[in-house]
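Heads up: the structure comes next, in structure tokens.
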Amino acid sequence: MALPAAGSQTITKIIRELVWGTTPATTPTFITLPVESNSLLLSKTTLTDNSLLSTRMGGDVRPGMRKVAGDLKFNYRTGDFDDILANLFQAEWATNNLKPGKTAISHSIETGYTDISQFQIFKGLQANTLSLSVKPNSLISATVGFIGKDAAAFTATTGATTTTAVTGKEAFDSFTGSMTEGGSAIATVTGIDLAYTNNLVESNVLFSNVLGAILAGNIGLTGTLTAQFLDVSLYNKFMNGTSTSIAFTLTGTDTKIHTWTIPKVIYTSGDINPSGPGELSLSLKFTAQYNSGTTNKVSIDRTV
């Protein structure tokens, strides 16, 4: 009896494109990604002819524009996802530092259902969003949202000539690392969530049923910092509209690190909200602003 495909036997592979929307064809080497979930899919709009006919049956229905979109969710770690971060920031790593740029980077991503030997490649994928969550007693969770040009038909074999295995590095956890706020070490933070977006814009052209281009909008970075409510020093920064900075370092079990630095933030809300007899927390939403001294809104430093 034939069995249906199982998620446990799914594999996700990635390769950088030299030309947007074109998977490299000369002995392509795909890199395996250790993802928790993969929701990439091809969608099509529907064109409906609503002609008024005496039969009340209307006209025909046909497929319209094709587009690829979806998320990769993973446990954040060094190595495996560094090229996706370059895609997201539209810039290359420079001496192990990455900050947002203006050069579009795209990937082809293959989803393979190995137990039924079916593989599909999604093309022209540009990273639009990232959500990153750092919470106590947990692995660090990240989700990257993509927009892409098109998808190839399923084939019975992988598109990779060779495949690079995952690095085997363990995911970051919330036990090892450090954080500063306003340039000073802080040990009372109970969580930080980041939401980064490129505000990508889709461009359609005549006589084509796939995107003509994907254009980058303004970078947006917002987040929420929660901390034990020990005093009003953080809350007063919200009250007074005082700009500050946030930086946190994630350290892997192999001592490799990623340090996120947001050099200028404004707290846009401050919520204490006592609702019971337990510990009180201060929740501060923030928005990153451009910092002329560092010429960016955010940067990542790594050791490799």
Which one is surrounded by the fewest Cβ atoms within 10 Å (Cβ to Cβ), of the residues in segment 239-277 that are modelled with pLDDT of 95 or more and in a loop (DSSP other than H, G, I, E, B)?
241
I'm trying to understand the selection: among the residues of segment 126-153, which are assigned to a strand (DSSP E or B) and either loosely packed, with under 15 Cβ neighbours inside 10 Å or of a type in the set (A, V, I, L, M) (or both)?
127, 130, 132, 134, 139, 142, 144, 147, 151
Kindly list the number of the only condition in (1) of a type outside the set (S, T, N, Q); (2) in contact with a helix residue (DSSP H, G or I) (Cβ under 6 Å, 6 or more places away or on another chain); (3) surrounded by fewer than 20 Cβ atoms within 10 Å (Cβ to Cβ) that fails for residue 156.
(2)
With 190, 197, 180, 222 as the choices, which residue is at pLDDT below 95, farther than 21 Å from residue 33 by Cβ and touching a strand residue (DSSP E or B) at 6+ places or on another chain (Cβ under 8 Å)?
190
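Which ranges mark the strands (runs of 3 or more DSSP E) fully within segment 23-114 that have 1 or more residues being crowded, with 19+ Cβ neighbours inside 10 Å? Write out each step before concluding.
On the way: elements: 29-33, 35-38, 41-48, 61-75, 107-113.
Answer list for segment 23-114: 29-33, 35-38, 61-75, 107-113.
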Could you look through segment 278-299, keep only residues that are of a type in the set (A, V, I, L, M) and surrounded by 18 or more Cβ atoms within 10 Å (Cβ to Cβ), and pick out the one that is farthest from the chain's Cα centre (by Cα)?
282
Looking at segment 49-100, which of its residues are small (Gly, Ala, Ser), within 20 Å of residue 201 (Cβ to Cβ) and modelled with pLDDT of 95 or more?
69, 70, 91
Scanning segment 178-194 residue by residue, those of a type in the set (Gly, Ala, Ser) and surrounded by 15 or more Cβ atoms within 10 Å (Cβ to Cβ) turn out to be 182, 191
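The values are calculated or read from the model by the stated rules, or taken from the named source; none is laboratory data. This is a predicted model, so every value here is computed, not measured. Backbone-built Cβ (ideal geometry, glycine too); neighbour counts: all protein chains shown.
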